[in-house]
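Data first, discussion second: the structure below is written as structure tokens.
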Amino acid sequence: MLLRAVRAQFPPSPLIWERIARFSFVRFSSALKEAFDRGAPALVTFHIRHRERDCYGLHVAVAINANSSGIDIIDSLGRRNGRIPNATIMPTARTIGWAVAGAPVIVTRGSAFVLHGLPELQNTKVIGP
């Protein structure tokens with residue numbers, strides 16, 4: 001359903017989901033490199049768990065940068081201060097996953113996906129590695 005919604009908003013282009021069987025910071029960052037090298041953001045999904053509540057699920061965000069300091073995302077659960085990025089997936093794994101600075105969640109070791117093929121941003125520079 002998500003792919004259909006994205007295709008409806010962008011000109012015809014080959015949109016392909018890349019699956020990462022188990023989230024790891026290194027594998028996820030590597031998968032994002034292709035999109036960032038093209039000057040495009042990446043729609044991403046990953047499994048999360050709330051830091052304080054007993055709830056978890058599949059989450060969607062837009063990744064805009066990845067480097068050794070973290071993966072910067074635009075996240076609906078992120079800070080409400082108007083800054084972009086508003087959350088960052090931290091590079092160091094903890095017992096149950098990777099903390100997200102700016103959002104009350106932890107990225108778990110479940111599968112993750114990166115959508116390749118979004119068009120380049122026009123009149124805007126994507127922050128890249």
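Given (1) modelled with pLDDT under 95; (2) out of contact with any Gly (no Cβ under 7 Å at 6 or more places or on another chain), where does Ile20 come up short, assuming only one miss?
Answer for Ile20: the failing condition is (1).
Starting from residues that are of a type in the set (S, T, N, Q) and in a helix (DSSP H, G or I), keep the ones in segment 23-44 and report whichever is surrounded by the most Cβ atoms within 10 Å (Cβ to Cβ). Can you show your working first?
Applying the first criterion (of a type in the set (S, T, N, Q)) to segment 23-44 yields 24, 29-30.
Filter once more, keeping what is in a helix (DSSP H, G or I): 29-30.
Numbers: Ser29: 20, Ser30: 14.
For segment 23-44, the residue satisfying everything is Ser29.
Suppose we filter segment 45-61 for residues that are touching a strand residue (DSSP E or B) at 6+ places or on another chain (Cβ under 9 Å) and either outside any strand (DSSP E or B) or open to solvent by less than 50 Å² (accessible area, probe 1.4 Å) (or both); how many remain?
The total comes to 9.
Within segment 94-117, can one find any residue that is surrounded by fewer than 18 Cβ atoms within 10 Å (Cβ to Cβ) and without any contact (Cβ under 8 Å) to a residue 12 or more places away in the chain?
yes
Of the residues that make up segment 62-83, is at least one closer than 18 Å to Glu18 by Cα and either open to solvent by 40 Å² or more (accessible area, probe 1.4 Å) or free of Cβ contacts under 8 Å to residues at least 12 places away in the same chain (or both)?
Within segment 62-83, one or more residues are closer than 18 Å to Glu18 by Cα and either open to solvent by 40 Å² or more (accessible area, probe 1.4 Å) or free of Cβ contacts under 8 Å to residues at least 12 places away in the same chain (or both).
The values are calculated or read from the model by the stated rules, or taken from the named source; none is laboratory data. Only a predicted model underlies this, so the values are computations on that prediction, with no experimental measurement involved. Note: ideal-geometry Cβ built from the backbone for every residue, glycine included; neighbour counts use all protein chains shown. Remember, those area values only see protein heavy atoms, side chains included, never the ligands or the DNA or RNA. Shrake-Rupley method; radii C 1.70, N 1.55, O 1.52, S 1.80 Å.
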